[in-house]
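The values are calculated or read from the model by the stated rules, or taken from the named source; none is laboratory data. Small disclaimer: the values here were computed from a predicted structure and weren't measured. FYI the Cβ positions are ideal-geometry reconstructions off the backbone, even for glycines, and counts take in every protein chain you see.
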Amino acid sequence: MPAIEHLRPRPSGHRSGRDRAPGFLGRMRQRRAQRDYEASVLTFAYTLKGEFRDACEYLRVCHYVSVAAGITVRTPRVGEVRVGPPISFTVELMPGQEPEDFRKPGRRMAHTLGAHGLRIEPLAGRWVRLVLLEADPLAEHFGLPPVTAGSGTETVLLGRTEDRTTLGHAIADPAHLAVQGMNGSGKSAFVYGLLAQLCAAPDVLVAGSDITGLLLGRVWDDTAHREWQVVGTHDLEAHAALLEQLVAEMDRRLATIPRREDKITPTVTVPTVLVVLEEFPGLLRAAGAVPKPKSGKSLAERIVSAQLRLLSEGRKAAFRVLTLAQRFEATAVGGGYARDQFALRLSFRVPADSLAMLHGDDARPFGQEHANADPGIAYLSGLGRDCERIRVPHLGDYGEYVDRIQSYGRRAES
Ligand SMILES: Nc1ncnc2c1ncn2[C@@H]1O[C@H](COP(=O)(O)OP(=O)(O)OP(=O)(O)O)[C@@H](O)[C@H]1O
């Protein structure tokens, strides 16, 4: 950030190196160094304020006020500037502004000021502190600790935000999850971590369909979950049959909701069912190649309609759908209505248009940069937060996933 660099005070020690009070010339040098330093801080603060004002104007974090001479621009007032590191400054929000209003333009604002990112720390009243981050706060590796949830109502670790807030989510909370990402972006590793955290909970059942056979299937042998999982492409009919079986269970639950309640409360005997649909567009493509029977629905139609019913009615019956896809195009996941049912959405590295497709137009400014994101970096929408960049925890290699499911996966009762 050459434009707004500041000088740091230099130690004014005397040449002898001995610990002795400075003489007259030494004291003069000290005073001059102090004066130079103070002047450099003032120049630095002045320059930073100017650059911040320009950035606010360009990014429209400002008010346009009509005066007799025409339109004038008001930008948030900068208070105290700290030279850091990290460099930070306080800002008084303008009427109607919220700290969150700096989040979306934050990255661009930081780039204008020569930093990597911006952390927003709300202070008292209408003041916030903006901290300029010199490096990507998400660059640091984040390992998943060896924890398992004791119940679906306990939160599992989803990730860490740029301001180091840890985000968790309880699978019993009524939200379906959508996860998209290109090959190698870290979406499977994320779900390995999620399932490893959930596999031991006595009131959670991990069911689903996985044409790859890596996420579900063999890994889950000898656990209570395995009989509710279908893998591979050798018997595609079995995938449709499983989803229809899950819909039948959902219908049975809906019919038994107590009169004065509007949803099922999950228990050990009526667990939260997490329906994992790994590489769902691939399943639909494979099913689409199966010839349609003379009467009735095609295999792909059966799969789409079962998924749609689980998505639209499952929440009240303690069903949660977790769908994985490389891109969440409406046509690839059973239509726009199906896509709208996901309250929690995560996008690992995807092309810019795919990010906006799942997170809305608000995510468009992040698209270009996110298209080159490192594995494990994702945008998350949901949990009552705006679309936000996070790093998800990393469980380790595939062998670690196998070990954790085999060690902690809930066993079938004999
Ligand atoms: N959270 C993470 N932190 C650090 N590295 C990660 C993380 N997640 C994944 N990786 C690295 O990225 C590699 C690819 O991850 P992963 O296999 O999950 O990608 P994917 O999106 O599922 O790709 P594919 O669709 O090909 O399966 C992993 O082998 C791992 O080395």
Criterion violated by LEU324 - all others in (1) surrounded by fewer than 17 Cβ atoms within 10 Å (Cβ to Cβ); (2) in contact with a helix residue (DSSP H, G or I) (Cβ under 8 Å, 6 or more places away or on another chain); (3) under 30 Å from PRO137 (Cβ atoms); (4) of a type in the set (A, V, I, L, M, F, W, C) satisfied:
(1)
Consider ARG252 against the criteria (1) in contact with a Gly (Cβ under 9 Å, 6 or more places away or on another chain); (2) in a helix (DSSP H, G or I): it satisfies all of them except one. Which criterion is unmet?
(1)
If I ask for residues that are touching a residue at least 12 places away in the same chain (Cβ under 8 Å), hydroxyl-bearing (Ser, Thr, Tyr) and away from the ligand (no atom under 16 Å from the Cβ), which ones from the range 321-377 would you list?
TYR337
Residue under question is LEU25, and the condition is that it be free of Cβ contacts under 8 Å to residues at least 12 places away in the same chain and assigned to a helix (DSSP H, G or I); does it hold?
yes
Scope the range 378-414; condition charged (D, E, K, R), in contact (Cβ under 8 Å) with a residue 40 or more places away in the chain and within 9 Å of the ligand (Cβ to nearest atom); matching residues:
ARG391
If you take the residues in the range 179-218 that are assigned to a strand (DSSP E or B) and within 14 Å of the ligand (Cβ to nearest atom), which one is farthest from SER151 (Cα to Cα)?
GLN180
Of all residues in the range 252-282, how many are more than 12 Å from ALA318 (Cβ to Cβ) and surrounded by 13 or more Cβ atoms within 10 Å (Cβ to Cβ)?
7
Among the residues of the range 360-370, are any outside any helix (DSSP H, G or I) and either at pLDDT below 90 or loosely packed, with under 15 Cβ neighbours inside 10 Å (or both)?
yes
In this structure, does GLY70 turn out to be on the phi > 0 side of the Ramachandran plot, over 29 Å from the mean Cα position of the chain (by Cα) and of a type outside the set (Phe, Trp, Tyr)?
yes
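Which residues, taken from the range 380-399, are touching a helix residue (DSSP H, G or I) at 6+ places or on another chain (Cβ under 8 Å) and either part of a loop (DSSP other than H, G, I, E, B) or over 17 Å from ASP340 (Cα atoms) (or both)?
Matches in the range 380-399: GLU388, ARG389, VAL392, PRO393, HIS394, LEU395, TYR398.
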